[in-house]
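Note sheet for the following structure.
What follows draws every value from the coordinates through simple rules; no lab data is involved. The model shown is predicted, which means the values in this text are computed figures rather than measured ones. FYI the Cβ positions are ideal-geometry reconstructions off the backbone, even for glycines, and counts take in every protein chain you see.
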Amino acid sequence: MTCYIPGQPVTAVVQKIEIQKLRQGDRLILGFSIGGGIDQDPSQNPYSEDKSDKGIYVTRIAPGGPADVAGLRVGDKIMQVNGWDMTMIKHYQALKKLTKPNEDVVRLLVTRKSLEQAVRGAMGLQ
């Protein structure tokens, strides 16, 4: 298990995901929901291994929606949104970064367990 100290640099295997928002009237749809944040109870996060991680996680993907098409997965931890750090952010702040009305594209850096496992396996570090 990796020890993460809030506010300190973190090393993570990340994947870039670009989501083209879907316009429905005056709304822009991303097609996913999030959970977590520094103002939330991490023990309630089903994706936190040690129940202390206050990161922002993908909790739901709309099948066939923009996030699904882009390759986002339930359980992905969002590290950045359009260059903004998401590792020490409140839930409502994360929502604001994701749903800016003047941005048609959201560029994410995410980490997921399978990415880290693949890299560790390739390096012989199982």
Handout entry: Full-stretch length increase - THR99, VAL14 - with 0.36 nm per residue and alpha-carbon distance subtracted
Key = 28.4 nm
Problem - Length added when fully stretched, SER52-ASP26, from 0.36 nm per residue minus Cα-Cα - result: 5.6 nm
Fill in the blank from the handout: Mean Cβ-within-10 Å packing, highest first, puts peptides 39-48, 68-77, 13-22 in the order 68-77, 13-22, 39-48
Completion exercise
Karplus ³J(HN,Hα) for the range 25-37 (6.51 cos²θ - 1.76 cosθ + 1.60, θ = phi - 60°; Hz, whole; x = Gly/Pro) runs x, 9, 9, 10, 9, 9, x, 8, 10, 10, x, x, x
Completion exercise
Karplus ³J(HN,Hα) for the range 86-99 (6.51 cos²θ - 1.76 cosθ + 1.60, θ = phi - 60°; Hz, whole; x = Gly/Pro) runs 10, 7, 9, 9, 6, 4, 5, 5, 4, 4, 4, 5, 6, 10
Practice task
Could you estimate the translational diffusion coefficient of the range 47-102 from the Stokes-Einstein equation, with Rh from the Kirkwood formula over C-alpha pairs, at 37 °C and 0.692 mPa s, in whole µm²/s?
Solution key: 267 µm²/s
